[in-house]
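Below is one structure, written out as structure tokens, with a few remarks after it.
The values are calculated or read from the model by the stated rules, or taken from the named source; none is laboratory data. Small disclaimer: the values here were computed from a predicted structure and weren't measured. Cβ sites come from the backbone with ideal geometry, for glycine too, and all protein chains shown count toward neighbours.
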Amino acid sequence: MASYRTPRKRVWFLEDEPDVHDVVQHQFQGRPIDLVPFLTPGPMLTELQTERPDVLIVDLGLPFIDGFEVIERVRADPRTRDLPVVILTCDHTTTSRLRALRLHVRAFILKPYESRDLVGVVEQVAGVPASAR
């Protein structure tokens, strides 16, 4: 495995299922990524007022407020409107993919997915140099 001397990237992960957090956290072990989990949008949106991750991973199927509404709020704020977003979802509809395009989402990953696909996409979007991947 390569030795990582590149600065670590901060990735926030909004997903309401704790088991999925554990799986994704495991997939990024040993990678130059610090994954910060959020179970609900409120704390994440509050944190975005003072901090900025390199990438947001957002699940669409959240209770109370769906992932698209979260992304719309991120895009409405001038401080975060250009923040890279990756969607991780089991919503396979064309409507959702088109909506993601309109919101300038960088990647739309369908569950189930291959670990290397999620890790590769997130590292590329976060700007991890190819030599560190």
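Quick look at the numbers
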| read-out | value |
| --- | --- |
| Subset of the range 90-111 (residues that are surrounded by 12 or more Cβ atoms within 10 Å (Cβ to Cβ) and closer than 20 Å to D54 by Cα) | A100, L103, H104, V105, R106, A107, F108, I109 |
| Close pairs (7 angstrom Cβ cut-off, 6 or more residues apart or separate chains): assigned to a helix (DSSP H, G or I) in the range 99-111, among the aromatic types (F, W, Y) anywhere | R99/F68; A100/F108 |
| Complete set of residues in the range 112-133 that are buried (at least 17 other Cβ atoms within 10 Å of the Cβ), in contact (Cβ under 8 Å) with a residue 40 or more places away in the chain and either of a type in the set (D, E) or assigned to a helix (DSSP H, G or I) (or both) | L118, V119, V122, E123, V125, A126 |
| Criterion violated by V128 - all others in (1) of a type outside the set (D, E); (2) closer than 21 Å to P41 by Cα; (3) touching a Pro at 6+ places or on another chain (Cβ under 8 Å) satisfied | (2) |
| Verdict on E114 being of a type in the set (D, E) and farther than 15 Å from L14 by Cβ | yes |
| Answer residue from the range 42-68, given it is more than 15 Å from L88 (Cα to Cα) and surrounded by 13 or more Cβ atoms within 10 Å (Cβ to Cβ) and is modelled with the lowest pLDDT among those | I65 |
| Answer from V36, V23 - the residue that is among the hydrophobic types (A, V, I, L, M, F, W, C), over 19 Å from L101 (Cα atoms) and without any contact (Cβ under 8 Å) to a residue 24 or more places away in the chain | V23 |
| Near pairs, Cβ below 8 angstrom, 6+ apart or cross-chain, from the range 60-88 (part of a helix (DSSP H, G or I)) to any residue that is acidic (D, E) and surrounded by 17 or more Cβ atoms within 10 Å (Cβ to Cβ) | G67/D59 |
